[in-house]
Amino acid sequence: MIGDDPVLRAAYRHCRQRTKEQDRAEYALIQLVPPALRPACWALWAAANAIDDLADDRTAPAAERAARVEQWITALELELTTGASTDPVRHALVDTALRWSLDLSELHDAMALVQDDAHGRRFADWSAWRSWGRDTLLPWFDQVRDLFDRAGVPVALRLDTQEIYETFLDGVRLTDILTDLSADLAQGDLLLPDVALDRYANAAGDLADLRWSPAVSSLIAHLIGLARRWVTQPALTRGMHPGPATILTTMADLLRAQLDAISHAGPALLRTPPQPGLLTSARILAPARTRAALAWTLTPVTVPSQYHPARPSALPTAQAARSGPFSAPPPHPAGHRAPQIPAEHLPLHVAVIMDGNGRWAQQRGLPRHAGHQAGAAAMRETVHGALEIGLRHLTLYIFSTENWKRDAEEVDAILDVVRGELTDNPFRDLDVHMRWHGRTGKLPTDVVDLLRRRERTTRTRTGLTLTMCINYGGRDEITRTAAALAPHLRGGQLDPDHLSEKDFARHLPHPDMPDVDLLWRTGGEQRTSNFLPWHTAYAEIHFTPDYWPDIDRRHLWHAITEYTHRQRRHGAAPTPPSTTFAS
């Protein structure tokens, strides 16, 4: 699998040994993976651990630790373009990414969060704690899921298990924090939310003083109960291939055994990390190895037949090629530049009904789905134009709840285009926060998984917010909002006689989405087609005859320029022209 390169083989051996020495349970889980996939798993685990170690090294000041993590990330980005590294962990990770075609750009934000961890963390509540934990853990777990997918054993999650999956990882994170409590306290860290600490008077102070008090004992018991509940998710593996299902079930068993060890440790928890006994681990792992070996006989694992270490990197290229932390969008093919419009005159939010794909194809004697494929290029162009002109919010109507009525072949073609764009991730290097607006409904599981992943991995970006409306309907959005309001009305939290627009807006699926300033529809039709009815109440409307595949960024710039010439009154009387009156 690895080949005869002695340096590369040594790099993978280093990752394997590091995993075995530093995380016995993780090493045992990787042994349940088919042999061809184990080196990649060692490399991924060792990389995540190497970055954590740099951030946690208290022999160096916080600023220096953060700088070391940044240097590690930057070195990885550069080394992905060359296919090699002098650092054994990065060398193995680069080889894994190129060999298995993994998109490591999705790890960038997770690694950057670890860089911030060097300065310490405080969490006001469980929501902030979960956000941090999921943003640092999920991308690494998703890389393993992608690895299995590349090997022909997809670990697809059903639509109703995504939250279960993330809750399971919350349990993984909390178990790790409890296990490492003694080491964290020795460094002055306490990675628990204030709301949990405040439930038990003086628990935070007692922990800081390494004092096992009744408050600390009650706090630990409460946290163990939470972690045990979170890692016990039988529905997570329902319908899953028996190989990955065995790994996840065994992982849950090992985590519960670890929580038992934490519970039995008592005051010693503040002095040393507890570990389950060897006999306990053996009772879990011995039958798991038998089940895993049998499971992998059911599905042959696909190993990459060709490997080209010089292929372009999956991560953003060198730092010098970016504008700040992100790349600039590619220039217009003919060199056209965005008009210079002051920020205060720009619309905050432009929404687009991308119409005319099918008619464009039919005019050319092509099947309708060819128009949707051509429309993907127009979408990229529009996003590039939005970035260049400085737009903050762009919302695209990609697939409506009514589009399911179309021919099944066309529906499949549209979803294939969506799937391809999400997989290619053409905006990975750009300052674009991608969001999804719509229902899971009939959407394929892998498409929903990709949508959620793109949303999660770009959530910290502050440039353009790109909202993709897929399986979206305006009336459905209003209905869902009313359903979300109903329990608050029944429970008395809201008074139906004094319900305000602000109350309604707070319960929209995306309550932070600003009102649409400019609604643009291509294709010559002049209707809004159930698109963002709440947000477009006062939108300026711009209809153009061009079919969507013929659109490029200049059309967006023209629409925005037209918008700047309109007088927006929101129900007020027109502003009269300046007039001089004779006495």
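The values are calculated or read from the model by the stated rules, or taken from the named source; none is laboratory data. A quick note: this is a predicted structure, and the numbers were derived from the prediction, not measured. Cβ atoms come from the backbone with ideal geometry, glycine included; neighbour counts cover every protein chain shown.
Quick notes on this one:
- Residues that are among the hydroxyl-bearing types (Ser, Thr, Tyr) and either modelled with pLDDT of 95 or more or within 29 Å of Leu278 (Cβ to Cβ) (or both) number at least 2 in the following helices (runs of 4 or more DSSP H) confined to region 166-259: 214-231.
- Any chance Leu387 is assigned to a helix (DSSP H, G or I), modelled with pLDDT of 90 or more and in contact with an Asp or Glu (Cβ under 9 Å, 6 or more places away or on another chain): yes
- Residue satisfying condition, being within 26 Å of Arg459 (Cα to Cα) and among the polar types (S, T, N, Q), within set Gln17, Gln22, Gln31, Gln71: Gln71
- Residue check for Glu21: of a type in the set (D, E, K, R) and under 27 Å from the mean Cα position of the chain (by Cα): no
- Being within 25 Å of Ile560 (Cα to Cα), touching a helix residue (DSSP H, G or I) at 6+ places or on another chain (Cβ under 6 Å) and β-branched (Val, Ile, Thr) holds for only one residue in Thr401, Thr462, Thr382, Thr457, and it is Thr382.
- All conditions in (1) within 26 Å of Arg439 (Cα to Cα); (2) of a type in the set (Phe, Trp, Tyr); (3) surrounded by 15 or more Cβ atoms within 10 Å (Cβ to Cβ) hold for Trp404, with the sole exception of (3).
- Residue among Ser127, Ser105 that is without any contact (Cβ under 8 Å) to a residue 40 or more places away in the chain, of a type outside the set (A, V, I, L, M) and under 24 Å from Val172 (Cβ atoms): Ser127
- Candidates Leu499, Leu466 - the one that is under 19 Å from the mean Cα position of the chain (by Cα) and under 23 Å from Ala537 (Cβ atoms): Leu466
- Of all the residues in region 262-294, those that are in contact (Cβ under 8 Å) with a residue 40 or more places away in the chain and either closer than 26 Å to Gln187 by Cβ or not in a helix (DSSP H, G or I) (or both) number 11.
- Residue tally, condition in contact with a Lys or Arg (Cβ under 9 Å, 6 or more places away or on another chain) and of a type in the set (A, V, I, L, M), over region 266-283: 1
- Sole residue being assigned by TED's automatic domain parsing to the domain that holds Leu391 and either at pLDDT 90 or above or farther than 30 Å from Ile414 by Cα (or both), chosen from Ala486, Ala573, Ala582: Ala486
- The set of residues in region 478-497 being over 19 Å from Trp534 (Cα atoms) and outside any loop (DSSP other than H, G, I, E, B) consists of Pro487, His488, Leu489, Arg490, Pro496, Asp497.
- Just so you know, in region 343-354 the residues that are touching a helix residue (DSSP H, G or I) at 6+ places or on another chain (Cβ under 6 Å) and part of a loop (DSSP other than H, G, I, E, B) include one that is surrounded by the fewest Cβ atoms within 10 Å (Cβ to Cβ), and it is Met354.
- Every pair of residues 6+ apart whose Cβ atoms lie under 7 Å, when the first sits in region 246-260 and is outside the structural domain of Phe168 (by TED's automatic domain parsing) and under 14 Å from Thr280 (Cα atoms) while the second is of a type outside the set (Ser, Thr, Tyr) and in a helix (DSSP H, G or I): none
- Of all residues in region 432-447, none satisfies being farther than 25 Å from Gly474 by Cβ, outside any helix (DSSP H, G or I), touching a residue at least 60 places away in the same chain (Cβ under 8 Å) and not hydroxyl-bearing (Ser, Thr, Tyr).
- In region 147-183, the residues that are in contact with a helix residue (DSSP H, G or I) (Cβ under 7 Å, 6 or more places away or on another chain) and free of Cβ contacts under 8 Å to residues at least 12 places away in the same chain: none
- Any hit, region 216-224, residues being touching a residue at least 60 places away in the same chain (Cβ under 8 Å) and not assigned by TED's automatic domain parsing to the domain that holds Ala62: no
- Glu409 being at pLDDT 95 or above, in a helix (DSSP H, G or I) and not aliphatic (A, V, I, L, M): no
A quick yes/no check of all residues on (1) closer than 30 Å to Gly358 by Cβ; (2) without any contact (Cβ under 8 Å) to a residue 12 or more places away in the chain:
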| site | (1), (2) |
| --- | --- |
| Thr423 | yes, no |
| Phe427 | yes, no |
| Thr457 | no, no |
| Leu485 | no, no |
| Lys502 | no, yes |
| His510 | yes, no |
